[in-house]
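The block underneath contains the structure these notes are about, expressed in structure tokens.
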Amino acid sequence: MSQSSLPRRLRPARSARGALALVPLLGLGALTGCSGVAASADKGDPVKVALGAAGGATTVQAGDRLRVSADGGVLTSVTVADPLGRKLAGGLGKGGTVWTSHAPTAPATKYSVVARTKNPQGVTDEAKESLTTAAADKLNKPVLGPGTQGATVGVAQPLTVTFDFPVTERAAVERRLKVTTDNRTTGAWGWVKDHSGKDRVDWRPKEYWKPGTRVTLRAGLKGVDSGGGRYFAADHHLTFTIGPDRVAKVDLEARQLSFVENGRVTRRIPVSAGTRDGGAAPPTGVFPLMAKEGTVVVRPAGPGAGRAPARALRDAMRLTDSGTYAHATPRDADANGPDTDGFGSLGMTDSDADWLYGKIRVGDPFEVTGSSVRGKADAADGIADWRVDWSRWQEYSALSSGS
């Protein structure tokens with residue numbers, strides 16, 4: 001018994017960075033020949049399989065599409081997978097002599113390649129090879145919110161993903177973000193800018209969450225190019241739970257906050273809401289509570305601020321990035337009094353603020369209505385998702401027909 005001659009394996013050519021470490025020529029059928037020269041001639045020559053980039057280069061850069069070609073026969077199937085078993089999708093073309101991946105290769109990833117072939121004599125064969133891409137030179141990093149794994153949040157809290165660098169390949173990124181809930185909540189992704197100008201994509205439900213909903217995000221971003229060759233280095237996972245149904249309804253005209261639990265008002269709180277002439281009033285809209293910050297020191301700004309000094313605000317509950325708070329400020333909140341210092345926030349007595357601070361949680365909505373010289377808050381100030389109607393919000397998705 002003799003073995004058919006092996007095609008010579010070629011050593012990989014390496015580029016300066018991002019190249020795949022691969023054997024560009026694979027010998028197939030090398031281990032299946034037997035019964036000497038005559039038998040080998042009856043079976044024909046083995047099919048030669050080569051790896052390269054879809055653009056024609058013999059070395060494959062991270063981000064290129066992979067090309068597998070056959071010489072002396074056809075490919076019957078090609079499977080390319082990473083260590084987690086995720087397959088690089090692709091398809092056959094040119095009469096079965098070429099397979100090309102639909103998606104680009106990821107950086108710092110080892111791929112296993114299995115190519116099955118058939119030569120003109122009908123002999124089938126298989127070759128297995130692996131290749132590894134180099135690490136990316138440029139990375140992007142996502143920050144997921146709510147920021148604590150396993151947190152319990154309010155009924156208006158969206159799921160947020162904020163990126164260190166701009167994302168120009170938004171559709172590619174959004175396709176790798178999967179949200180699941182235990183009650184099939186209807187929701188959608190929308191791309192926005194945060195207050196600092198960073199790209200952020202939020203998933204919000206059509207209506208406020210149902211209390212008790214369990215939410216999971218799986219962000220399979222490892223190896224995805226966010227644009228300009230700036231990749232994500234890892235996958236990410238986040239789970240959180242929705243707490244009780246609590247809403248703080250603020251009427252600027254009546255200067256009153258009604259705390260509503262499960263549809264029932266459990267406490268009414270007098271609040272300050274700007275000066276009597278309308279200066280430094282809070283903006284209107286829906287504001288999921290961003291953070292409970294204890295005591296903060298702020299300086300007044302905007303109309304009516306004058307030369308008021310910096311001031312410590314206790315029980316500070318942040319509503320916007322620009323500095324709108326609900327907080328304790330006893331001299332402002334007696335008998336629905338004005339915010340004499342012009343901070344443009346919602347002031348209340350110590351006892352009321354202590355009570356509210358203890359009850360409310362991040363993600364609970366403040367629904368602020370009434371007359372305000374500031375109008376609605378800026379779209380990038382805080383979490384503005386609920387200040388957009390549902391039909392318009394869906395258009396913010398990179399995968400919507402209108403985007």
L346 long-range amide H proximity, modeled H, under 5 Å: Y325, A326, H327
Computed FRET value (nearest 0.05) for S258 with D71, which takes r as the C-beta separation and R₀ as 51 Å: 0.10
Within straight-line cross-link reach of K118, lysines at Cα separation under 24 Å, skipping those fewer than 8 residues along the same chain: K43, K48, K87, K94, K128
³J(HN,Hα), Karplus 6.51/-1.76/1.60, whole Hz, each residue of region 235-241, x for Gly, Pro: 8, 9, 9, 8, 10, 7, 10
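Read-outs throughout are calculated quantities, based only on the coordinates presented, and are distinct from any laboratory measurement. Just so you know, these numbers come straight off a predicted model, no measurement behind them. Please note: Cβ atoms are built from the backbone with ideal geometry, for glycine as well, and neighbour counts cover all protein chains shown.
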